[in-house]
Amino acid sequence: MLSIPFGLTRMCDGISRRNFLKVGALSFGAVNLTLADVLRAEAAAKKNDPFGRTRHKAVINIFLGGGPPHQDMWDIKTEAPAEIRGEFKPIATKVNGVKIGETFTRIAGMADKFAFIRSIIGAGGGHDGYQCTTGSTKSTLAALGGRPSLGSSAMKVQGSVDPSVPPFVGLAAPTQHAPWSDAGQTGFLGSAYGPFKPTGPDMANMVLNVANKDHMPDRKKLLAGFDDMKRSADHQGALTGADAATEKAFDVLTSSKLVEALDISKESQKTRDRYGDGKPYQFQYDGAPTVNEQLLVARRLVEAGARVVTLSYGRWDSHGKNFDLVRDHGAKLDQCLTALVEDLDIRGMLDDTTVIAWGEFGRTPTINKGAGRDHWPQVSCAILAGGGMKTGLTIGSTDKNGGNAKDRPVGFNDVFATLYHNLGLNPETTTINDPTGRPQHLTDGKALPELV
């Protein structure tokens, strides 16, 4: 906490200069790291950046926790027997020859803006988002602390776009099955590079608290108080020995940019209606609700300066009532995902923002007695948009029953190499030093040439 004296005169209730305004340190996941420290690191990173980056690239990573059924979404198997095919029919899309599940009518009408990967392999089988946030298995670099997630690595290598907005944000609220709300682990980088979580203590640190809340001034007076405090400190020489980062910290602490980015009431009702709210929440159980508005918040955060935003959407663990679940979750995802892509496109942000939606594994080809599909790590799928990628295409295929990759198998690491490429980082040459001082590549995959 940073304690700032508020008010220079004695008030009628006896509170004087000992009345302090306490403001969180905005550590963005760091432990024992002040905002001034963050700003110094950011300035140093920019000074030493050989690429001279000015463009703001971003990724919105939508985790479909539980394992979405690939054969009921982007990989419909019309020729398979009924006990495998299921209840859904394929529908034509805007792209000639590409068909997807009937639940996704809006995506079908915008299929030229999307790329569908139908042959993701290498799932470890864990019921968590680890591979969807790091691109690696948990055993990779385990002795060093694990591989850092996409957001942590981008934060380390690229720093902040705007010092008042965290470069890495995790929107997922806590879930009863905790691994489904993992926004991305820091691996060997340590807690300083963790995500900012608006639903956790990080957001509480953004709240201004006065010693006597009955005398909390309105926003205009509050900012005026900061100005008075700064002028007084300068006059008294309190900041004479402070470096530029410390002085800048005062300005950042009065910024409302992050708070406003999280406030969707700033959007028109028409825009909010386009995304929808995802209610009523069905099939949630121990997973995430279908909060459509989180995709709108993600767009607002990227617009404000975030580089990587992760969120967990729905609970796709369909051991029972698989088709009812897909009708519910799928229709809602269809609405908010197309709204996000349209929104980014209209605002001129789509080429710089990569959107991906995927889960930890696929589902069994055979439908069980409870009309569900069980875990199937052998193959899974993903849908992507934006990022300057080639879209309006499919990558890979599975066999006639949707049980295994038939051609063009794609690893999680290859998807991550593509995401890093879209962030402006060369996955084959960019490294981060591990705790031993040894350089480690961001991923061991290769960017998908079909997309980049």
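The values are calculated or read from the model by the stated rules, or taken from the named source; none is laboratory data. Every value quoted in this text rests on a predicted model; they were computed, and no experiment measured them. Note that we place each Cβ from the backbone using ideal geometry, even for glycine, and neighbour counts take in every protein chain shown.
Here are some notes:
- Considering segment 140-156, and only residues there that are part of a loop (DSSP other than H, G, I, E, B) and small (G, A, S), the residue that is nearest to D182 (Cα to Cα) turns out to be S149.
- Across segment 124-175, the qualifying residues are those that are of a type in the set (A, V, I, L, M, F, W, C) and without any contact (Cβ under 8 Å) to a residue 24 or more places away in the chain, and the one among them that is nearest to P198 (Cα to Cα) is A142.
- Entirely in segment 239-288, the helices (runs of 4 or more DSSP H) that have 1 or more residues that are modelled with pLDDT under 95 and touching a helix residue (DSSP H, G or I) at 6+ places or on another chain (Cβ under 6 Å): 244-253, 257-261
- Residue in segment 407-416 that is touching an Asp or Glu at 6+ places or on another chain (Cβ under 8 Å), in the same structural domain as A111 (by TED's automatic domain parsing) and not in a loop (DSSP other than H, G, I, E, B) present: yes
- Which listed residue, of D345, D399, is farther than 30 Å from G276 by Cα and among the acidic types (D, E): D399
- Unmet criterion (only one of (1) out of contact with any Leu (no Cβ under 7 Å at 6 or more places or on another chain); (2) closer than 22 Å to D162 by Cα; (3) crowded, with 24+ Cβ neighbours inside 10 Å) for E303: (3)
- Close contacts from segment 110-123, counting a first residue that is on the phi > 0 side of the Ramachandran plot and a second that is of a type outside the set (D, E), with Cβ to Cβ under 9 Å and a gap of 6+ residues or different chains, come to G122/Q131; G122/T137; G122/P377; G122/P409; G122/V410; G122/G411; G122/F412; G122/N413.
A quick yes/no check of all residues on (1) out of contact with any strand residue (DSSP E or B) (no Cβ under 8 Å at 6 or more places or on another chain); (2) within 21 Å of Q176 (Cβ to Cβ):
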site: D277; (1), (2): yes, no
site: Y281; (1), (2): yes, yes
site: D286; (1), (2): yes, yes
site: Q294; (1), (2): no, yes
site: A298; (1), (2): no, no
site: A304; (1), (2): yes, no
site: R315; (1), (2): yes, yes
site: S318; (1), (2): no, yes
site: N322; (1), (2): no, yes
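- Output for segment 368-383, where each listed residue is on the phi < 0 side of the Ramachandran plot and either outside any strand (DSSP E or B) or of a type in the set (G, A, S) (or both): N368, K369, G370, G372, R373, D374, P377, Q378, V379, S380, A382
- Test: residue in segment 270-280 that is within 16 Å of A172 (Cβ to Cβ) and either among the hydrophobic types (A, V, I, L, M, F, W, C) or not assigned by TED's automatic domain parsing to the domain that holds Y130 (or both): no
- Residues of segment 159-186 satisfying the condition of being outside any loop (DSSP other than H, G, I, E, B) and surrounded by 24 or more Cβ atoms within 10 Å (Cβ to Cβ): F168, V169, G170, W180, S181
- E87 satisfies every condition listed in (1) part of a helix (DSSP H, G or I); (2) within 29 Å of D286 (Cβ to Cβ) except (1).
- Residue in segment 330-345 that is under 23 Å from I60 (Cβ atoms), assigned by TED's automatic domain parsing to the domain that holds V309 and among the hydroxyl-bearing types (S, T, Y) present: yes
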